[in-house]
1. State which residue is surrounded by the most Cβ atoms within 10 Å (Cβ to Cβ) when the search covers only region 235-284 and only residues that are in contact (Cβ under 8 Å) with a residue 40 or more places away in the chain and touching a Gly at 6+ places or on another chain (Cβ under 8 Å).
2. Evaluate the following for Ser101: is it over 25 Å from Lys32 (Cβ atoms) and not acidic (Asp, Glu)?
3. Within region 240-293, how many residues turn out to be assigned to a helix (DSSP H, G or I), small (Gly, Ala, Ser) and at pLDDT below 95?
4. Out of region 125-151, which residues are within 16 Å of the ligand (Cβ to nearest atom), in contact with a strand residue (DSSP E or B) (Cβ under 9 Å, 6 or more places away or on another chain), under 23 Å from Val311 (Cα atoms) and not small (Gly, Ala, Ser)?
5. Among the numbered conditions (1) under 30 Å from Lys184 (Cα atoms); (2) touching a Lys or Arg at 6+ places or on another chain (Cβ under 6 Å), tell me where Pro90 comes up short.
6. For region 115-220, which strands (runs of 3 or more DSSP E) that fit wholly inside it have 2 or more residues that are outside the structural domain of Ile251 (by TED's automatic domain parsing), out of contact with any helix residue (DSSP H, G or I) (no Cβ under 6 Å at 6 or more places or on another chain) and modelled with pLDDT of 95 or more?
7. If you scan region 10-22, which residues turn out to be out of contact with any His (no Cβ under 7 Å at 6 or more places or on another chain) and crowded, with 22+ Cβ neighbours inside 10 Å?
8. Please go through region 62-107 and pick out each residue that is polar (S, T, N, Q) and over 17 Å from Phe145 (Cβ atoms).
Amino acid sequence: MKKIISVVGARPNFMKVAPLHKAFQNYKNEIKHIICHTGQHYDEKMSKIFFEELEMPEPDFYLGVGSGSHAEQTAKIMIEFEKILLKENPDLVVVVGDVNSTIACALTAAKLNIKTAHIEAGLRSFDRQMPEEINRILTDSISDFLFVSEKSGLENLHREGVDPKKIFFVGNIMIDSLVAHIAKADNSDILNQFNLNPGEYVLATLHRPSNVDNQENLTQIIDALEEIGSIKKVLFPVHPRTKNNIYKFGINNRINGNIILTEPLGYIEFLSLIKNSALIITDSGGIQEESTFLGVQCITARSNTERPITVEVGANHLLGSNYEKIKNTAIDILNGKKKKCSIPALWDGKTAERIATIIAKKI
Ligand code: UD1
């Protein structure tokens, strides 16, 4: 029996590991699949609700590391994860995405000569100011299996000289969760709860340090949302980091009734809100992909994206954090000037199966 430990830590990890856990159940007699939660995200609305909604079992290990500076958080995860690896001695560690838990656990495993698989490998924003870009580059460089979600990932890894035998183009695992749960989202009551009509509101999320830790950028985006809110309702579920900074910078005074602020929402509710929105304004990585799959117009408040397929074939508009650009493009879109959109290759709900088949054969 082979033993595999998959790591989750932050909100965007849960919807990537849930389908993998399910796919490994088809190999029950060969593979024991263990889930380790680092505790990078710990609030009920940032973590627990996702386990319930995605029907994931309780994690086998919970490291409880919590928040901290990058060095503190990464180091704490490594110290705690090393103990688990020494105890369990798995045949493979699986990490997903680009958060601090991803690099911390990949590095810990690599140093113990334990094989590592990275799901969502090869994505590059070419912006090393982003902590996630550092996490992506380092994780890819020490992983043994690189599972790629879009063609830019293949190009990047080839250009970086990675051994092609390590690279597998499998599609987007997060879309597996979307496909599995969209019917439930269709039954959600969340639009009623906020008094919203399908196609008649804008959905906003912000949490990137470059936007929300910077007073000037956060003010410009909030001002744009206020302005857009005078045309269509804007629903804004607020990440804890963003909420802290809105108050710290005194920007709460600029929110005058056109923006509906709410706590972070669960996965099913959020899918329903994406699917039915007229427009999304975000700086998230995952939401660029979810909106692409659902054919919804998306303004990304960043100047680059590690997911260029969402601009090439999706309806993603990359605009940075400039007030005028966001406001004007949003008004154009709401007036009907929409980008055409199609679904990228292998975003078909079967990525986890492909990954499980490859892993079962190779370990
Ligand atoms: C992390 C990821 C980012 C991902 C995002 C999704 C890194 C470097 N960043 O950013 O890539 O897109 O998750 O949300 O790993 N906090 C809470 N409760 C929580 C979690 C966080 O209050 O459950 C607050 C704390 O004040 C914390 C801050 O949010 O200091 C930031 O949390 P952290 O995990 O460091 O980074 P995120 O901004 O969430």
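The values are calculated or read from the model by the stated rules, or taken from the named source; none is laboratory data. What you see is a predicted model; the values in this text were computed from it and never measured. Note: ideal-geometry Cβ built from the backbone for every residue, glycine included; neighbour counts use all protein chains shown.
1. Among those that are in contact (Cβ under 8 Å) with a residue 40 or more places away in the chain and touching a Gly at 6+ places or on another chain (Cβ under 8 Å), it is Ser277.
2. Numbers: over 25 Å from Lys32 (Cβ atoms): no; not acidic (Asp, Glu): yes.
Considered against the rule, which asks whether it is over 25 Å from Lys32 (Cβ atoms) and not acidic (Asp, Glu), Ser101 comes out as no.
3. First pass over region 240-293, keeping only residues assigned to a helix (DSSP H, G or I): 240-248, 251-254, 267-276, 286-293.
If we keep only those that are small (Gly, Ala, Ser) too, we end up with 272, 286, 291.
Of the ones still in play, those that are also at pLDDT below 95 are none.
Going through region 240-293 one residue at a time, the tally reaches 0.
4. Just the residues of region 125-151 that are within 16 Å of the ligand (Cβ to nearest atom), to begin with: 125, 127-140, 149.
Filter once more, keeping what is in contact with a strand residue (DSSP E or B) (Cβ under 9 Å, 6 or more places away or on another chain): 136, 139-140, 149.
Going one step further and asking which of them are under 23 Å from Val311 (Cα atoms), we end up with 136, 149.
Result: Arg136, single match.
5. So Pro90 meets the others, but not (1).
6. Values: elements: 115-121, 145-148, 167-169, 201-205.
Output list reads 115-121.
7. First, pick out the residues of region 10-22 that are out of contact with any His (no Cβ under 7 Å at 6 or more places or on another chain): 12-20, 22.
Asn13, Phe14, Met15, Lys16, Val17, Ala18, Pro19, Leu20 - these are the residues of region 10-22 that are out of contact with any His (no Cβ under 7 Å at 6 or more places or on another chain) and crowded, with 22+ Cβ neighbours inside 10 Å.
8. Step one: list which residues in region 62-107 are polar (S, T, N, Q), which gives 67, 69, 73-74, 89, 100-102.
Ser67, Ser69, Gln73, Thr74, Asn89, Asn100, Ser101, listed by residue number.
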